[in-house]
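Asker: I have a structure here, written as structure tokens, and I will follow up with some questions on it.
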Amino acid sequence: MKTLTLKSKMPAVAVLIALVGSSAFGCSMVRAQAGGAAPQSSKGAVIKGKAPVNKNVLRVKLPKAREATLPNGLRVILLESHKVPTFTAQMVILSGGLADKLDFRGLASFTAALMREGTAKRTSKDIAEQTDSIGATLASSSGLSNMTSTVTASGLVESLDQTFEIMADVIRNPTFPTEEVEKHKTRALAQLLVQRSSPQFLAQEQFSRAIYGDHPAALVAPPAESIKKLTTKDLAAFHSAYYRPNNAILAIVGDVTLKELMPKIEKAFGDWQKGDVPVTTIPAVPAQAGSRILLIDRPGSVQTVLQLGTLGIERTNPDYFSLLLADKILGGGPAARLFLNLREDKGYTYGAYSNFGGSRFRGTWVSGSEVRTEVTEGAMKEFIFELKRLRDETVSAEELDNAKRSIVGSFALSLEQPQSLLQNIVTQKLYDLPADYWDTYPQKVAAITPADIKNISQKYIDLDHLQVVAVGDASKARDVLAKYGKVEVDDADGKPVTAGEMQNK
């Protein structure tokens, strides 16, 4: 299938795309010294051949979405794109894992995953064969701490009627066959065992627990006890309560007009019955306790997986763009400080990164890497060094400009992808962002200053509340980590490990 492109009458987007055509787009991220001193690059990490960029603020004028609402409350949003005869549609149910009962986590994700396994008039095999025969795709998903559940379909516009008919059947009439539910439970429990053998999973699991405590966001996988007690009746009850047109948005990007589209939507979803949807209350994220170091013991491990981080922001926080740039400079890719330091300069790892996120509740800002056991001490030293440097020093104008180039260029390329355009629409609606939010995205990025980066880093790099999680051989890593504070040692199941037990292993 050809890549979806935007209308040729959008020169600003074309300019943006041209900027990232060079193989040197990733521009050098150099290490800046305090007091405005000349920047110094890390050993072996100078990226040459910068692509020239117009210093004027790059403006994007995206096509405006068309909107309508069915009598049953279903909101329809269409972004027309007429370059290729395809479409991508996403039914966004405004309830996800956050609607799970606290003692029944994973219900939303299981419901979404099993919707394709059979309806009142189609078996799982029928759904697969019929979508394949018209060149369409159909997928559904949710997550433990998601606000939403989604069903996504794509295909050729000439098959839109047939695709909508199958999509509507899956959304409205899933039967959750007992046999399929039991198979899915078996696979999920097996997958949980596999995950628990992964040091990366253990690090993520313990970091989330350290940050969120009893908050729903603390879980990264459904508990085994929740999986075991799931039944067809439970899935059907969740579906009946939350999968309602007045609790949904149908967002579409494609080669179709609203006039052509609405009769098709009316036919597929017009008689979908609305209902009273239970209100999902998102609890407040707990206040952070003092800095904590948690070591998960994996005897004999040749690597230590490290994660260091703090609470971040909600998606609607005004600090979003400052944090976006700060994260890009810190660990947002192979040209960022962590990568240049820990990999290119020190050779401790294949890669070191940072990321941040946020929803209706506060997300996290976390840095991490997998390093050889014998360089755990050096890696910790460099992580703390880079966190303090970003917080205490002012980034150079060049380093900030390079980060802006990368972010704006990635944004420009994303406008070529139907799924990205669709996600932009959904994000704007879910968080009530301004109508011109994505039109002005490059300007918002360009407006961030070095002072903004320093301020935001001082605000969110809170070393007094830094949560550190390490997964590795405790007999070798414990004393190293103890230089940064009291170390709590647990096994892979979260049970405390004593010093005597470590010596006996």
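The values are calculated or read from the model by the stated rules, or taken from the named source; none is laboratory data. Fair warning: this is a prediction, and the values are worked out from it, not measured in the lab. So basically every Cβ, Gly included, is an ideal-geometry build from the backbone, and we count neighbours across all protein chains shown.
Asker: Quick check on residue 394: is it outside any helix (DSSP H, G or I) and farther than 30 Å from residue 250 by Cβ?
Answerer: Judged against the criteria, residue 394 is a match.
Asker: Could you figure out which of (1) β-branched (Val, Ile, Thr); (2) out of contact with any Leu (no Cβ under 7 Å at 6 or more places or on another chain); (3) farther than 30 Å from residue 74 by Cβ isn't true of residue 227?
Answerer: Just one mismatch for residue 227, condition (2).
Asker: Right, another one. Kindly indicate which of 114, 202, 107, 144 is touching a residue at least 60 places away in the same chain (Cβ under 8 Å), surrounded by 15 or more Cβ atoms within 10 Å (Cβ to Cβ), farther than 23 Å from residue 89 by Cβ and in contact with a Phe, Trp or Tyr (Cβ under 8 Å, 6 or more places away or on another chain).
Answerer: One residue alone meets the criteria, 107.
Asker: Additional query: Can you tell me how many residues within region 165-199 are aromatic (Phe, Trp, Tyr) and more than 28 Å from residue 90 (Cβ to Cβ)?
Answerer: The total comes to 0.
The rows are residues; the columns are (1) among the basic types (Lys, Arg); (2) part of a helix (DSSP H, G or I); (3) in contact with a His (Cβ under 8 Å, 6 or more places away or on another chain).
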{"position": "389", "(1), (2), (3)": "yes, yes, no"}
{"position": "398", "(1), (2), (3)": "no, yes, no"}
{"position": "411", "(1), (2), (3)": "no, yes, no"}
{"position": "438", "(1), (2), (3)": "no, no, no"}
{"position": "453", "(1), (2), (3)": "no, yes, no"}
{"position": "457", "(1), (2), (3)": "no, yes, no"}
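Asker: Can you name the number of the only condition in (1) surrounded by fewer than 21 Cβ atoms within 10 Å (Cβ to Cβ); (2) charged (D, E, K, R); (3) free of Cβ contacts under 8 Å to residues at least 60 places away in the same chain; (4) in contact with a helix residue (DSSP H, G or I) (Cβ under 9 Å, 6 or more places away or on another chain) that residue 233 fails?
Answerer: Result: residue 233 fails condition (4) only.
Asker: Please specify each residue of region 434-478 satisfying the condition of being within 23 Å of the chain's Cα centre (by Cα) and of a type in the set (Asp, Glu).
Answerer: 436, 439, 462
Asker: Quick one: would you say residue 167 is buried (at least 18 other Cβ atoms within 10 Å of the Cβ) and in a helix (DSSP H, G or I)?
Answerer: Yes: the conditions hold for residue 167.
Asker: Taking the criterion of being within 25 Å of residue 314 (Cβ to Cβ), of a type in the set (Val, Ile, Thr) and either assigned to a strand (DSSP E or B) or at pLDDT below 95 (or both), would at least one residue in region 55-78 satisfy it?
Answerer: Checked region 55-78: at least one residue is within 25 Å of residue 314 (Cβ to Cβ), of a type in the set (Val, Ile, Thr) and either assigned to a strand (DSSP E or B) or at pLDDT below 95 (or both).
Asker: Moving on. I want to confirm something. Restricting to region 354-382 and keeping residues that are of a type in the set (D, E, K, R) and part of a strand (DSSP E or B), which single residue is farthest from the chain's Cα centre (by Cα)?
Answerer: Going through the qualifying residues, I end up with 372.
Asker: Could you check residue 222 against (1) in contact with a Ser or Thr (Cβ under 8 Å, 6 or more places away or on another chain); (2) assigned to a helix (DSSP H, G or I) and say which number it fails?
Answerer: Tallying (1) in contact with a Ser or Thr (Cβ under 8 Å, 6 or more places away or on another chain); (2) assigned to a helix (DSSP H, G or I), residue 222 fails exactly one: (2).
Asker: Find all pairs meeting these conditions: Cβ atoms under 6 angstrom apart; at least six residues apart or on different chains; first residue within region 355-382 and under 30 Å from residue 99 (Cβ atoms) and assigned by TED's automatic domain parsing to the domain that holds residue 326; second residue in a helix (DSSP H, G or I) and hydrophobic (A, V, I, L, M, F, W, C).
Answerer: 356/323; 364/211
Asker: Within the set of pairs 6 or more residues apart or between chains, which connect a residue that is farther than 15 Å from residue 441 by Cα and at pLDDT 95 or above inside region 396-412 to a residue that is among the β-branched types (Val, Ile, Thr) and part of a helix (DSSP H, G or I) with Cβ atoms less than 8 Å apart?
Answerer: As it stands, the answer is 399/329; 400/329; 400/453, since those pairs meet every condition given.
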